[in-house]
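Working notes for the structure below.
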Amino acid sequence: MVRGEVCLASFLKHLFIACGERRCAMQTCWLVSGDSRHEPIALPDGTTVVVGRCRLTRIKDTRCSRQQISVQAMYSKRVVLIKQLGVNPTSIETVELGHHGEAELRPGQTLHVVNASYPMHVEFRGPASPPPSTLASASASASALAPAPTTSPSGRPSHLPKRAWHSPSGSDSQAGSIRKFLKFVGGKDRAKDNSPSVSPTKGNAQKSPTGQRGQPAHWSQSLRDAMDDPSVQIFRDDQVVVILDKFPKARHHWLVLPWRFVANVGVLRADHLPLLRHMHDVAERLSRQVQPLGAATAPPTFRLGYHAIPSMSRIHMHVISQDFDSPRLKTKKHWNSFTTGYFIDSEVVMRMVEEDGRVVIPEDTAELLKKPLQCHMCHREISTIPKLKEHLGTHKL
């Protein structure tokens, strides 16, 4: 009887150990190369690793920093937190993170390490995986990769050195609109202000170098430079700055950018609501200050909103007049990016964040840029951009 009890206890002990080992084995996460460039990289739960240009990833592209991204697996949520550390853009699907930007990588999504290249995806695997051949390399990867920096910039992120920023060309009414806002910005004409820009945060923000070996930043990062350029600023306070769009698609086209870094609409959460409301309020007040072109014309109509899949890193609200009278509007992509569901109104974004806690971008959104040209006023289809512009003249916008 005693012997039977001992055997039962021994059996239960081994069963407990086996179940524990099985449970641990299920908790595995791997960063897998989409082009079979390298072996899967093990991502232990809650441990931050840095991925970049090295022998482990077999990436030799000098545009990719040795510390391009930090990666942290969160097993409980079955997601991996990606943070861009390098200068050139990292993206998830088609959305770029931006320098020091963060986003969640989920199973089924594609991560491009740099400049839309070197695809990877994340896999949460069961006890039968990974294959034995990858275990040794995965173990080596965990020790070979350096830990991610623990300090993050506070307030405004560090900036890149100034790049050449040419004065916006296009309609004279946009440049002249700065004068309309002198009372609103406290009577200071910033278009003529050549004094150094002062950060609205305490102290002076120190700029970071351009990347390795003096490489220039990717064009999608240039909004950082514009935020500090007095020649394009029309308003600033301690939360946001409003600048002239470098390539305006209408007579009046501005960008509202927060000093606080937010990568894009895809990462917006409930705690961003106060900032979104402030951006909207500033844009509305500025747009109401614009005077009509003549006594016989009405004040211009504006739309405030965001591109669902932005081309520039860093969230920015477009404030654009609906005349679309600009030589910079040249292609179907330009037109559809502001007149289809690709352009999400600011109020819609705020409502989604308030009600759902995030902004949901439909999977087929990118296809909206390929739609036939259609007048945003009467919805008539037009064959070419020149004919569309001629047609817009009939609406006396």
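All of the numbers you see were taken from the coordinates with simple rules; none came from a lab. Keep in mind that this is a model prediction, so the values were computed, not measured. With ideal geometry, Cβ positions are generated from the backbone for all residues, glycine too; neighbour counts draw on all protein chains shown.
Fully extending the segment from Met377 to Asp281, taken as 0.36 nm per residue of separation minus the present Cα-Cα distance, adds 32.0 nm. Pairs Lys249/Lys396; Lys249/Lys371; Lys246/Lys333; Lys83/Lys332; Lys332/Lys389; Lys83/Lys333: which exceed 23 Å Cα-Cα? Check vs 23 Å cut-off fails for Lys83/Lys332; Lys83/Lys333. Counting charges near Thr57 (Lys, Arg +1; Asp, Glu -1) among other residues having Cβ under 13 Å from its Cβ returns a value of +3. Full extension of the segment from Gln239 to Glu123, taken as 0.36 nm per residue of separation minus the current Cα-Cα distance, would add 37.9 nm. Proximity of backbone amide H atoms, modeled 1.01 Å from N, is registered between Tyr75 and Gly46 at under 5 Å, excluding neighbours fewer than 5 places apart on the same chain. For the stretch 39-54, backbone phi angles converted through the Karplus equation (6.51, -1.76, 1.60; θ = phi - 60°) give residue-by-residue couplings of 5, x, 9, 6, 10, x, 4, x, 9, 8, 10, 10, 10, x, 7, 6 Hz, Gly and Pro being listed as x. Distance between the pseudo-spin-label points of Met352 and Arg66 (7 Å out from Cα toward the beta carbon): 4.0 nm. Residues in the stretch 77-87 carry Karplus couplings, in order, of 9, 6, 9, 10, 7, 10, 10, 7, 9, x, 7 Hz; the curve used is 6.51 cos²θ - 1.76 cosθ + 1.60 with θ = phi - 60°, and Gly or Pro positions show x.
Among rounded, prolate and oblate, which fits the stretch 72-114 when a ≥ b ≥ c are the square roots of the eigenvalues of its C-alpha gyration tensor, a/c under 1.5 means rounded, and a/b larger than b/c means prolate?
Since a/c reaches 1.5 but b/c is at least a/b, the shape of the stretch 72-114 is classed as oblate.
Less than 14 Å Cβ to Cβ from Leu368, Lys/Arg counted +1 and Asp/Glu -1: what total charge do the surrounding residues give?
So the environment of Leu368 carries a net charge of +1.
Ile92 sits among other residues whose Cβ lies under 12 Å from its own Cβ, and their net charge, with Lys and Arg +1 and Asp and Glu -1, is -2. Each peptide in 88-98, 56-66 was scored by the mean count of other Cβ atoms within 10 Å over its residues; highest first, the order is 88-98, 56-66.
Amide H contacts of Phe235: Val242, each under 5 Å away and 5 or more positions distant or on a separate chain (H built 1.01 Å from N in the peptide plane; Pro and chain starts excluded). Taking only the C-alpha atoms of the stretch 309-390, Rg followed by Dmax gives 14.1, 42 Å.
Using the Cβ-Cβ distance between Asp271 and Arg78 with R0 set to 30 Å, the FRET efficiency from 1/(1 + (r/R0)^6) comes to roughly 0.85.
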